[in-house]
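Colleague: Following this message is one structure expressed as structure tokens.
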């Protein structure tokens, strides 16, 4: 088809108009894309700020769930191991065979292996296994020394070990650490004064999620264990437990519930300002006795106190019942005028451990006289609160 010149010009104008409209249409999305591109980071930031607490909560919940699963698994492993040891040692508790150094070493190794299994166990399980293995390890180190005085037999030591293992089995079955709250708190890795010199000086931890060995001297675990040790009536175990754990406050509490008091730290009046030269004795345990006179049928109650030198410094000369009372003072309660009565019986159990037996009534009088100070020292709250 042939077009005139005018028709071709008209056609070109129409095409030009269409192109202008297309350019306008194309330019509009570019402006919108720019706006969208500008808003995207802002929206993403808002989304992160809103989602962050939820994400943090979810991560914490996942961590707690995983941790509890690990604790259950570890508790199951230590339960099976303790049951194996109970089966091995229970028959020996009925024997009266003298224990050898090798026997004690094998027992110590068994308990050490058990403690390694408790790495992910609940706090009660790990703490009791730690205290048990530490006491027997200390006994192993001093076995030759003790053997000269006590001649330890299977029926003396193994019932305590088996009872402790049975309690660990109970804890591993019934105790599950669930935090009261999943709140996280920041704690210092080093002392505050040095914090200015380092980076990453803080860590985050659960506020109420106790795991691993509990070393708190006021904990229930410590009190339960020292009570178990004291019930053995074995002075060498009392001393070993005190060498590996700070048993002083626990013993003070055991005395408190019995309404009796004896000095926890019995220190020489000489060299009061010298930590090295001053002679110190620590109450490591006590045994309550009830004696009945067959002729008169009258009964008397006494308490045998076991004091030991827990330091590495040997003290000479040996004490007598008189010097034990007159040359020493209460270094725990800090009562200057406290007068310990002369013991009914006094003797050395070993070169470093003394047994002093007193009438129970005299220790009850001491408790009544200083109950307020003892309560304050132990930070015991009134039952009325």
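Please treat every number below as a calculation from the coordinates, not as lab data. Just so you know, these numbers come straight off a predicted model, no measurement behind them. Cβ placement follows ideal geometry from the backbone for every residue including glycine, while neighbour counts extend to all protein chains displayed.
Colleague: Compute the FRET efficiency between residue 376 and residue 320 as 1/(1 + (r/R0)^6), taking r as their Cβ-Cβ distance and R0 = 41 Å, and round to the nearest 0.05. Spell out each step's value before the answer.
Modeller: On the way: r = 34 Å, r/R0 = 0.82.
The value I calculate is 0.75.
Colleague: Next question, about the same structure. Listing 143, 367 from the residue with the fewest other Cβ atoms within 10 Å to the one with the most, what is the order?
Modeller: On the way: 143 20, 367 16.
The most exposed by this proxy come first: 367, 143.
Colleague: Expressed in nm to one decimal, what extension gain is obtained for the pair residue 300 and residue 216 from 0.36 nm per residue of sequence separation less their Cα-Cα distance?
Modeller: Details: separation 84, 0.36 × 84 = 30.24 nm, distance 3.72 nm.
Here the segment from residue 300 to residue 216 would lengthen by 26.5 nm.
Colleague: Using a basic spin-label model with each label point 7 Å from the Cα along Cα→Cβ, how many nm lie between residue 141 and residue 106?
Modeller: For residue 141 paired with residue 106, the spin-label model returns 2.4 nm.
Colleague: Moving on to the next point. For the modelled label position 7 Å from the Cα of residue 148 along Cα-to-Cβ, which residues of region 317-343 have backbone nitrogen atoms closer than 20 Å?
Modeller: 317-320
Colleague: What is the distance, in nm, between label points placed 7 Å from the Cα along the Cα-to-Cβ direction at residue 113 and at residue 258?
Modeller: 3.8 nm
Colleague: With an 8 Å Cα cut-off and a minimum separation of 6 or more residues, compute the relative contact order for region 273-370 in percent.
Modeller: Values: 121 pairs, mean separation 26.0, N = 98.
That works out to 26 percent.
Colleague: Moving to a separate point now. Suppose the chain between residue 96 and residue 361 were pulled fully straight at 0.36 nm per residue; how much longer would it get relative to their current alpha carbon spacing? Don't skip to the end; give the middle numbers.
Modeller: Working: separation 265, 0.36 × 265 = 95.40 nm, distance 3.63 nm.
That pair, residue 96 and residue 361, stretches by 91.8 nm at full extension.
Colleague: Taking the convex hull of the Cα atoms, report for region 311-383 its projected area averaged over all directions, in nm².
Modeller: Reported value for the Cα convex hull: 6.4 nm².
Colleague: Ranked by Cβ crowding within 10 angstrom, fewest neighbours first, how are 360, 79, 141 ordered?
Modeller: Values: 360 17, 79 20, 141 13.
Ranking 360, 79, 141 by Cβ neighbours within 10 Å, fewest first, gives 141, 360, 79.
Colleague: Quick check on packing: order 114-123, 289-298, 233-242, 253-262 by the mean number of other C-beta atoms within 10 Å, highest mean leading.
Modeller: Numbers: 114-123: 20.4, 289-298: 8.4, 233-242: 23.8, 253-262: 17.8.
Answer by packing, highest mean first, reads 233-242, 114-123, 253-262, 289-298.
Colleague: In nm, what is the difference between 0.36 nm times the number of residues separating residue 327 and residue 311 and their Cα-Cα distance? Before the final figure, lay out the partial values.
Modeller: Values: separation 16, 0.36 × 16 = 5.76 nm, distance 1.88 nm.
Going from the current span to full extension adds 3.9 nm.
Colleague: Can you figure out the FRET efficiency of residue 292 with residue 202, using R₀ = 45 Å and their beta-carbon distance, to the nearest 0.05? Please list the in-between numbers first.
Modeller: Numbers: r = 63 Å, r/R0 = 1.41.
Calculated transfer efficiency: 0.10.
Colleague: What's the FRET efficiency of residue 270 with residue 70 using the Cβ-Cβ distance as r and R₀ = 41 Å, to the nearest 0.05? Each step should come with its number before you reach the end.
Modeller: Numbers: r = 54 Å, r/R0 = 1.32.
The formula returns an efficiency of 0.15 here.
Colleague: Extending each Cα 7 Å along its Cβ direction at residue 336 and residue 88, get the distance between those two points in nm, one decimal.
Modeller: The two pseudo-label positions are separated by 5.7 nm.
Colleague: What ranking do 324-333, 95-104 get when scored by the average of other Cβ atoms within 10 Å per residue, highest first? Please list the in-between numbers first.
Modeller: Values: 324-333: 18.0, 95-104: 13.5.
By packing density, highest mean first, the sequence is 324-333, 95-104.
Colleague: Same structure, new question: Which semi-axes, in whole Å and largest first, does the equivalent ellipsoid of region 247-380 have when worked out from the alpha carbon gyration tensor as the square roots of 5 times its eigenvalues?
Modeller: Values: eigenvalues 120, 75, 33 Å².
Gyration-tensor ellipsoid for region 247-380: 24, 19, 13 Å.
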